[in-house]
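Note sheet for the following structure.
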Amino acid sequence: MRIKAIAGAAFLAATVLAGASAQAAQRDYKAVALSADGTRIVALEGTDANEPGRKAHPVVVVRDARSGKVINEYDPCGHCAYDRPSWSPDGRSVAFVGSEQGSAALYVAGNGRTRALATVKGVASSARWSPDGSALALLATVGASKDTGATAAGARLVGEIGSREDAQRIATVPAAGGILKLLSPADTFIYEYDWTPDGKGFVATGAQGNGDNNWWVAKLAHVDAATGALRVIASPTTQLNMPRVSPDGTTVAYIGGLMSDFGSIGGDLFTVPLAGGEPHNLTPDFKGSFNGLAWKRGGIVATALMGDQLTALTVDAQSGATQRLWSAAVTGYGADGRLSFSADGTMAAGAIEDFTQAPRIVAGRLPQLDAITHDNDKLIAQVAVRNVSWTNEGFNVQGWLVGPLQPAAGKKYPMIVQVHGGPASAVTPRYIAAGDAGNPTVRELVNAGYFVFMPNPRGSFGQGAAFTRANRRDFGGGDLRDILTGVDAAALVAPVDTSRLGLMGHSYGGFMTMWGVTHSQRFKAAVAGAGVANWISYYGQNGIDQWMVPFFGATMYDDPAIYRHLSPIESVKVAKTPTLIYVGERDVETPAAQSMEFWHALKALNVPTSLIIYEDEGHGIRKPAHQQDLRRRTVEWFNRYL
């Protein structure tokens, strides 16, 4: 085992003035889009008033890309949630979708004025201009039974199950106004799309049947803009995201790889002829995970997670050779993945943040990106952070260790290990604020006297496709060994008491928590959120069984032994760790029955446990009151047993 500290000998910290940021409001920036000529930026922006239970209402803000000066703000529906805005080809207007319960509207804004172009009775998102600016397209689900996505709260399971499936379709409307036309086939759920350069069609990812379940088997397709006819371009063996067409209209590029959830992007870059053919992996040996992609006039530009660094780079469309343009240990938000690029690919913009620096918009000509917003400059570090790396069983592993700004001399602190979801995902730096923004659970744990360790074990993004695939058919095996080795690595660089360890996580992290307490006695308290106790029963309960085949190698019916072998319930009699369990009532991805099964077993074995099922919540706990309740319970649970 080799252990090293990347960030230097001491924790990265900032001087704190008592109470200096306690009342400061935080400005958040999401969905940053750079105009084609690189002169303007549009983003969704909102200011968190730092009041418990009160969420900001983001609005659409247009800024000058050099100075950051606000040019216009648009908020045509004060109670709506806005989807990511997009620029017209001439850079004069932006389009975006505003949604409220049961309906959505497509808006076009420019010169300080906004007009509603179309409405949808249901759910809509992803407005995109045609290349000549004469039309707009969006994704529409007419009569939707639920919000789009498997992480949203599921529709109530009553009546004849599976008799009707939501269909998200490409729809178009003239930019001058007119009738919204549902275009793509009614039996196909479209996940993503992009106009072809000639404006005569779309490249899209889609699958027939249930939209929550079938993204893992989605195909790459062309949809005719006049007739809506769908032609399959390729049927990849990997999951795929962000299809983009070359400027000459001959080739499609996309990100393909082993991915756990739609929207959690990581993999290699693939190309395939628009006419159809076999996908070609451009970057088979890339030591990172691509998470953004754009095909501009100057070629392919992309973003990737490489170790702890968000990286912008060019990719040669023929050889796959990459050239790094910019990198930083941050999390980014932009229209082309993690950043947004100008039409020629030479300029970029995005919102970035890290553990100790609040969100800000950066922009400029690559490789130089400078902050152009300063709303959060007075917000200071609430924690100290260290990047820890180690090796285990031939793998290079990385993680983040967060703790108090000034640890007390001579004191040993308990440590909570927080395992991320996925498993194909990664912990990346997010600002830990004084209020409810960012990651308040980590802040509250640090304030309560804990270090928090967030590892990226095998199965995570950031180290290449082989690393992401390394826990296939081995959930809780090598990745748990990586985590336990990482605990020892963290203890070498921080005053951590390894006899007082806690374990927590949500989704796959919830499974890993259940697995951890049934396969190790190192943890003295645990909090398992939306976990999986029994892969056998889970296969028939959850709404997304297709995700399991790429990770297990077969369906449960074809290879039940591997599903049983990897189930925490099979080893539950080993468990002695007090475990708090929580889940959303209408969780499609990890149904509440899984949490109940594990809770029931712990109770039967007289292991201290508690189960909370949050009313009407889906896979994520979203209601502010529920979030606050969960944080309180989490800290109290660890305090009780650590």
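The values are calculated or read from the model by the stated rules, or taken from the named source; none is laboratory data. What you see is a predicted model; the values in this text were computed from it and never measured. Don't worry about glycine lacking a Cβ; one is built from the backbone with ideal geometry, like all the others, and counts go over all protein chains shown. Calculation scope for accessible area: heavy atoms of the full protein, side chains included, ligands and nucleic acids excluded. Shrake-Rupley method; radii C 1.70, N 1.55, O 1.52, S 1.80 Å.
Test Ile562 against the criterion of being assigned to a helix (DSSP H, G or I), modelled with pLDDT of 95 or more, of a type in the set (Val, Ile, Thr) and buried (at least 16 other Cβ atoms within 10 Å of the Cβ), and give yes or no.
yes
Taking Ala384 as the residue in question, decide whether it is at pLDDT 95 or above and surrounded by fewer than 20 Cβ atoms within 10 Å (Cβ to Cβ).
No: the conditions fail for Ala384.
Per-residue answers, yes or no, for (1) modelled with pLDDT of 95 or more; (2) of a type in the set (Asp, Glu):
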| position | (1), (2) |
| --- | --- |
| Pro76 | yes, no |
| Arg84 | yes, no |
| Arg92 | yes, no |
| Gln101 | no, no |
| Ala116 | yes, no |
| Ala150 | no, no |
| Ala153 | no, no |
| Leu157 | no, no |
| Asp166 | no, yes |
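Do any strands (runs of 3 or more DSSP E) lying entirely in the stretch 2-50 carry at least 2 residues that are at pLDDT below 90, and which ones are they?
3-5
Working carefully through the options Val442, Val446, find the one that is over 21 Å from the mean Cα position of the chain (by Cα) and in a helix (DSSP H, G or I).
Answer to the selection: Val446.
Inside the stretch 577-595, can you point out the residues that are in contact with a helix residue (DSSP H, G or I) (Cβ under 7 Å, 6 or more places away or on another chain) and open to solvent by 40 Å² or more (accessible area, probe 1.4 Å)?
Passing the criteria: Glu585, Ala593.
Find all pairs meeting these conditions: Cβ atoms under 7 angstrom apart; at least six residues apart or on different chains; first residue within the stretch 524-544 and on the phi > 0 side of the Ramachandran plot; second residue open to solvent by less than 10 Å² (accessible area, probe 1.4 Å) and of a type in the set (Ser, Thr, Tyr).
Note: pairs meeting the criteria are Ala530/Thr590.
Do you know which residues across the stretch 626-636 are in contact with a strand residue (DSSP E or B) (Cβ under 7 Å, 6 or more places away or on another chain) and open to solvent by 70 Å² or more (accessible area, probe 1.4 Å)?
Selection gives Arg633 alone.
Picking from Gly178, Gly228, Gly199, which residue would you name as being touching a Pro at 6+ places or on another chain (Cβ under 9 Å) and open to solvent by 10 Å² or more (accessible area, probe 1.4 Å)?
The match here is Gly199.
Return yes or no: is Lys287 modelled with pLDDT of 95 or more, surrounded by fewer than 18 Cβ atoms within 10 Å (Cβ to Cβ) and either basic (Lys, Arg) or within 29 Å of Gln368 (Cβ to Cβ) (or both)?
yes
Under the condition of being assigned to a loop (DSSP other than H, G, I, E, B) and hydroxyl-bearing (Ser, Thr, Tyr), which residue from the stretch 300-359 is surrounded by the fewest Cβ atoms within 10 Å (Cβ to Cβ)?
By that ranking, first place goes to Ser319.
Considering each of Leu501, Leu480 in turn, give the residue that is surrounded by fewer than 24 Cβ atoms within 10 Å (Cβ to Cβ) and either part of a helix (DSSP H, G or I) or not charged (D, E, K, R) (or both).
Answer to the check: Leu480.
List pairs: first residue in the stretch 378-396 and within 30 Å of Arg27 (Cα to Cα), second residue modelled with pLDDT under 95 and of a type in the set (Phe, Trp, Tyr) anywhere in the structure, Cβ distance under 8 angstrom, at least six positions apart or on different chains.
Filtered contacts from the stretch 378-396: Ala384/Phe11; Val385/Phe11; Arg386/Phe11.
Limited to the stretch 546-559, what total is found for residues that are farther than 21 Å from Thr468 by Cβ and either surrounded by 16 or more Cβ atoms within 10 Å (Cβ to Cβ) or of a type in the set (Val, Ile, Thr) (or both)?
Residues that pass the stated criteria total 2.
Just the residues that are under 17 Å from Gly256 (Cα atoms) and touching a Leu at 6+ places or on another chain (Cβ under 9 Å), please, taken from the stretch 464-501.
Across the stretch 464-501, the qualifying residues are Ala465, Thr468, Arg469, Arg472.
Tally time: how many residues in the stretch 261-276 are more than 15 Å from the chain's Cα centre (by Cα) and open to solvent by less than 40 Å² (accessible area, probe 1.4 Å)?
Qualifying residue count for the region: 7.
In the stretch 246-260, what residues are buried (at least 22 other Cβ atoms within 10 Å of the Cβ) and either without any contact (Cβ under 8 Å) to a residue 12 or more places away in the chain or over 24 Å from Arg458 (Cα atoms) (or both)?
Val252, Ala253
Counting only residues that are aliphatic (A, V, I, L, M), touching a residue at least 24 places away in the same chain (Cβ under 8 Å), open to solvent by 20 Å² or more (accessible area, probe 1.4 Å) and assigned to a helix (DSSP H, G or I), how many does the stretch 596-625 have?
Of the residues in the stretch 596-625, 1 are aliphatic (A, V, I, L, M), touching a residue at least 24 places away in the same chain (Cβ under 8 Å), open to solvent by 20 Å² or more (accessible area, probe 1.4 Å) and assigned to a helix (DSSP H, G or I).
Is it true that Ala466 is without any contact (Cβ under 8 Å) to a residue 24 or more places away in the chain, open to solvent by 10 Å² or more (accessible area, probe 1.4 Å) and of a type outside the set (Val, Ile, Thr)?
Considered against the rule, which asks whether it is without any contact (Cβ under 8 Å) to a residue 24 or more places away in the chain, open to solvent by 10 Å² or more (accessible area, probe 1.4 Å) and of a type outside the set (Val, Ile, Thr), Ala466 comes out as yes.
Which condition breaks for Ser571 when tested against (1) closer than 23 Å to Val583 by Cβ; (2) open to solvent by less than 10 Å² (accessible area, probe 1.4 Å); (3) of a type in the set (Ser, Thr, Tyr)?
(2)
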